[in-house]
Structures are given as C-alpha cells and as structure tokens.
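Written out below as structure tokens is the structure these notes cover.
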Amino acid sequence: MNCFDGLIISYGNNYRLKNTLKRAKTGEEIMIVFLGASVTAEPFEETLSTTSFTTLFIEIFNRKFGKSKYINAGICGSNTIVGLYRTKNEVLIHDPDIVFVDFGISDFATPQLLECYEGMIRILLNHGCAVIPLYMSMQ
C-alpha cells in the first residue's frame with residue numbers, strides 16, 4: 001500500500017495543468033507561485049528545517065520538466081482573508097502559470113473565510129493559471 005493512497009480527494013479539471021506541463025517539457029520557462037501560510041512559507045533560519053515543501057517541489061519539477069521560476073508568497077500566521085487581499089499584488093503581478101494555495105492550517109470553516117477562499121480561487125482561475133489547492137489539516 002502506498003502511503004499517499006487516499007490523500008488526493010479530487011483531480012478536478014486538470015486541463016490547464018496538463019497544458020502547462022507540456023509547455024515546460026518543450027523548454028518554456030514556467031512561473032510557479034506558492035500562496036499560503038506557515039506550511040508554505042520558507043523556514044526561519046532558527047528552525048531545524050532548512051527546506052520547505054516549496055523548495056523540494058521546485059527541485060523535483062526542474063529535474064522532471066525543465067526550467068521554472070518561482071515565488072514563495074507564504075507568510076506565517078496568515079489566513080484566507082489575507083491571501084485574498086494579497087492575490088493581485090503578490091501573485092497575479094508575476095503572471096503565474098501554476099499557483100499552489102494553502103491556508104488550511106490557519107483557517108476555520110466560517111462562511112466568511114469560505115467565501116474569501118472561493119473568491120481567491122475564482123480570481124486565479126479567471127487569470128488563466130492552473131490552480132492547485134492544498135489542504136493540510138489535522139482533521
């Protein structure tokens with residue numbers, strides 16, 4: 001049994017992601033943005049960890065597909081409301097091909113946060129990028 005069995009809830013519509021990966025394989029440089037809270041943020045120098053999932057992902061992506069640029073827009077303690085506010089000025093300004101979104105740890109399922117999360121995803125999709133929502137939670 002694979003330790004990742006059951007972790008992917010839905011593949012959704014992956015048309016944009018497949019097209020982006022095809023472009024990457026032809027040598028086109030891909031812009032990837034990570035938007036999230038502490039799980040996404042680069043580790044502080046004082047912590048035991050020297051890498052985050054973002055740096056590991058970029059290393060694997062570059063080995064498999066080619067060149068990429070990336071922006072880590074993770075900020076410890078931020079939530080979906082802050083993420084929605086930052087989407088235009090810190091994400092879309094880079095014209096990303098792929099955006100990872102993770103605010104699961106810092107959010108509670110309130111109607112306001114759910115509405116902000118949906119709005120953020122819609123803004124990203126309307127921009128034309130592939131959006132990969134990540135949900136890391138204890139439940």
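The values are calculated or read from the model by the stated rules, or taken from the named source; none is laboratory data. None of these values were measured; they are calculated from a predicted model. So basically every Cβ, Gly included, is an ideal-geometry build from the backbone, and we count neighbours across all protein chains shown. Remember, those area values only see protein heavy atoms, side chains included, never the ligands or the DNA or RNA. Shrake-Rupley method; radii C 1.70, N 1.55, O 1.52, S 1.80 Å.
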Amide H partners (placed H, <5 Å) of ILE71, local residues excluded: ILE32, VAL33, PHE34
Pairwise label distance in nanometres, LYS67 with TYR15, each label 7 Å out on the Cα-Cβ vector: 2.9
Positive minus negative residues near LYS69 (Lys, Arg vs Asp, Glu; Cβ under 12 Å): -3
Accessible area in the full protein assembly, largest first, 1.4 Å probe, for CYS129, CYS116, CYS76: CYS76, CYS116, CYS129
Overall Cα dimensions of the range 59-110, principal axis frame, Å, largest first: 39, 22, 16
Approximate spin-label separation HIS94-GLU28, in nm, with each point projected 7 Å along Cα-to-Cβ: 1.8
Surface accessible to a 1.4 Å probe, LYS25 within the full protein complex, Å²: 140
Point-to-point label distance, TYR135-GLU115, nm (Cα→Cβ direction, 7 Å offset): 2.1
